[in-house]
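Worksheet: the structure to be examined is printed underneath.
We did not get these values from a lab; they are worked out from the coordinates using the rules stated. Only a predicted model underlies this, so the values are computations on that prediction, with no experimental measurement involved. Neighbour counts are summed over all protein chains in view; Cβ atoms, including those assigned to glycine, are modelled from backbone coordinates with ideal geometry.
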Amino acid sequence: MKQDTGVMSYLIIASGFALGFLAQGCAVLTDATPHSYLIRRSALVNPPAPPLWSGRINAFGMTMGDSTVVWSRPPERAEGARSGLYVSRTKLDSTLHVRFGKHVAVWIPFSYGPSAYSFNTAPCPAHRPSESYFEAGGIGFAASGHLSPHWYLGGSGEAQLAFVPARMEVTCLDCSYRSTDSARVVVFVGRLSLVAGYDFGSWRLFGGATVQNQPTNNKDTTVVSYIPPIPNSSIGTGDTYAAFGGGVEVDMGSRFSLLAQVYQPFNLAGPEDLVYGPIAAIAFDLHAPRIHNRSKETN
């Protein structure tokens with residue numbers, strides 16, 4: 001009888017522990033208490049720079065160059081602008097161009113923006129995305145022709161897919177939960193350019209305008225009752241910018257030319273989301289031999 005009593009007591013105690021454990025587990029699994037989460041976001045983008053182009057097309061070639069935003073201080077956010085954005089100060093570009101016919105060429109552009117020297121546009125509470133670079137690539141076209149023996153006009157259009165590094169930091173305001181997530185968000189970038197120039201033969205002066213959208217982070221810091229996924233709608237196509245400026249291109253031989261240009265971007269979408277300084281660029285163009293006698297020119 002004593003043995004049965006001991007066994008019964010053991011079973012009762014064990015059942016109590018099991019029920020307590022299950023009750024605790026159920027309390028965790030069925031806890032419907034809402035929590036508040038502080039969401040911080042950031043993204044890395046390239047500046048809205050024009051193509052490295054003087055307005056002339058060649059039979060075949062490759063352009064490689066760098067566009068650098070010239071700031072006397074870090075870029076400014078206008079009052080009420082969106083936050084959580086890092087901008088690459090330097091933007092590396094390359095374009096493969098192949099001419100079809102006399103006046104039209106197909107472009108394959110690619111751009112790369114490292115985060116190492118990117119600007120933290122204030123305020124930007126989230127850290128830089130863990131991915132260390134922004135990249136974009138696509139396809140485009142260019143057309144060019146002479147209006148007179150020296151004056152010429154060129155236009156180009158590009159459609160690119162930008163892979164935007166994004167970061168989201170989550171902090172629970174009434175619990176101990178914290179997390180960090182990163183991803184690349186694919187955003188469309190379109191760019192149109194119009195360039196006019198004066199051809200001196202072995203060198204040319206040019207000026208023009210470029211219109212393009214710049215991907216941006218639509219949200220910065222929010223407080224929500226759920227954790228949103230990443231990528232999400234916080235990364236968008238952004239505002240439309242126009243850049244005006246010009247430059248000079250000098251032939252260093254029949255197959256090689258050097259280009260330098262300066263453009264100033266402006267926001268066309270109303271209040272400035274980001275205030276830019278001038279964008280200075282230098283590029284090298286390796287191409288098929290260019291004919292300088294325009295009476296024999298086929299392009």
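Going by neighbour counts of Cβ atoms within 10 Å, the residues ILE39, ILE282 line up, fewest first, as ILE282, ILE39. Going from the fewest other Cβ atoms within 10 Å to the most, the residues TRP151, TRP107, TRP203, TRP53 appear in the order TRP151, TRP203, TRP107, TRP53. Using the Kirkwood radius over Cα pairs, work out the Stokes-Einstein diffusion coefficient for region 33-287 at 4 °C and 1.567 mPa s, in µm²/s as a whole number. It diffuses with D of about 67 µm²/s by this estimate. If the chain linking TYR177 and VAL275 were pulled fully straight, counting 0.36 nm for each residue of separation and taking away their Cα-Cα distance, it would gain 31.6 nm. Within the shell defined by Cβ-Cβ distances under 9 Å, the residues around ARG167 carry a net charge of 0, with Lys and Arg each +1 and Asp and Glu each -1. Fewest neighbouring Cβ atoms within 10 Å first, the residues ASP285, ASP199, ASP174, ASP181 line up as ASP174, ASP181, ASP199, ASP285.
Electrostatic tally near ILE227: other residues with Cβ closer than 15 Å to its Cβ, Lys and Arg +1, Asp and Glu -1, net +2.
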